[in-house]
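The values are calculated or read from the model by the stated rules, or taken from the named source; none is laboratory data. Small disclaimer: the values here were computed from a predicted structure and weren't measured. Counting neighbours? That spans all protein chains shown, and the Cβs are built from the backbone with ideal geometry, glycine included. Ligands, DNA and RNA are stripped out before the accessible areas are found, and what is left, the full protein with its side chains, is counted by its heavy atoms. Shrake-Rupley method; radii C 1.70, N 1.55, O 1.52, S 1.80 Å.
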Amino acid sequence: LTLGGRYRKIDEEEEDAFDVFATIDIPLFDRKAGAIHEAEHLARSADALRRAELASLRRELDAALADLERASRRAKVLESDVLPKAQRAVEIADAAYTAGATTILDVLEARRTLAQTRLSLVEAQREAAEAGAQVESLLGD
């Protein structure tokens, strides 16, 4: 008598399954049919497990690639568009303050905006680096 069981996820549906099986070897013709049947069952089980794991890895890779694309796009926009405008706003505020046309609060607000923009850029670059590392990890590089 051989008892066995295993846990698995069913393909793309992400449903949990637990298989339990029992085999009894009856040596009527002794063709090793029980062992062959058990080996075939184990091979099918291993293949199903492999397919489920592969599907899971594909979903993780797709998510990591999407994160990488989103963070990279955000960093590019911040660096090429938003940051230069924030820097220009500080220059204008400084010049206007020097000329007596604005208050120090306007200058401080422009500098605060520039600092927030720089922080956002660093955060986007960090997110892109983390997503890139996740992609490399999933690809085995």
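Being part of a helix (DSSP H, G or I), open to solvent by less than 60 Å² (accessible area, probe 1.4 Å), of a type in the set (Val, Ile, Thr) and on the phi < 0 side of the Ramachandran plot, is that true of even one residue in the stretch 62-81? First the steps, then the outcome.
Residues of the stretch 62-81 that are part of a helix (DSSP H, G or I), as a first pass: 62-81.
After this cut, where a residue has to be open to solvent by less than 60 Å² (accessible area, probe 1.4 Å) as well, the list is 63-64, 66, 68, 71-72, 75, 78.
If we keep only those that are of a type in the set (Val, Ile, Thr) too, we end up with none.
No: the stretch 62-81 contains no residue that is part of a helix (DSSP H, G or I), open to solvent by less than 60 Å² (accessible area, probe 1.4 Å), of a type in the set (Val, Ile, Thr) and on the phi < 0 side of the Ramachandran plot.
For the residues Ala71, Ala89, Ala48, the requirement of being under 40 Å from the mean Cα position of the chain (by Cα), aliphatic (A, V, I, L, M), under 30 Å from Ala131 (Cα atoms) and modelled with pLDDT of 95 or more singles out Ala71.
Only one of Ala101, Ala129 is aliphatic (A, V, I, L, M) and either part of a helix (DSSP H, G or I) or closer than 30 Å to Glu14 by Cα (or both); which? Before you say what the answer is, go through the steps one by one.
Values: Ala101 fails: either part of a helix (DSSP H, G or I) or closer than 30 Å to Glu14 by Cα (or both).
Just one listed residue meets the conditions, Ala129.
Condition first: closer than 30 Å to Ser56 by Cβ and either of a type in the set (D, E, K, R) or out of contact with any helix residue (DSSP H, G or I) (no Cβ under 7 Å at 6 or more places or on another chain) (or both). Now tell me which residues in the stretch 88-141 satisfy that.
To start, the set of residues in the stretch 88-141 that are closer than 30 Å to Ser56 by Cβ comprises 123-141.
Within the stretch 88-141, Glu123, Arg126, Glu127, Ala129, Glu130, Ala133, Glu136, Ser137, Leu139, Gly140, Asp141 qualify.
So in the stretch 103-140, with the set limited to residues that are of a type in the set (Ser, Thr, Tyr) and within 30 Å of Glu91 (Cβ to Cβ), which one is most open to solvent (accessible area, probe 1.4 Å)? This residue is Thr103.
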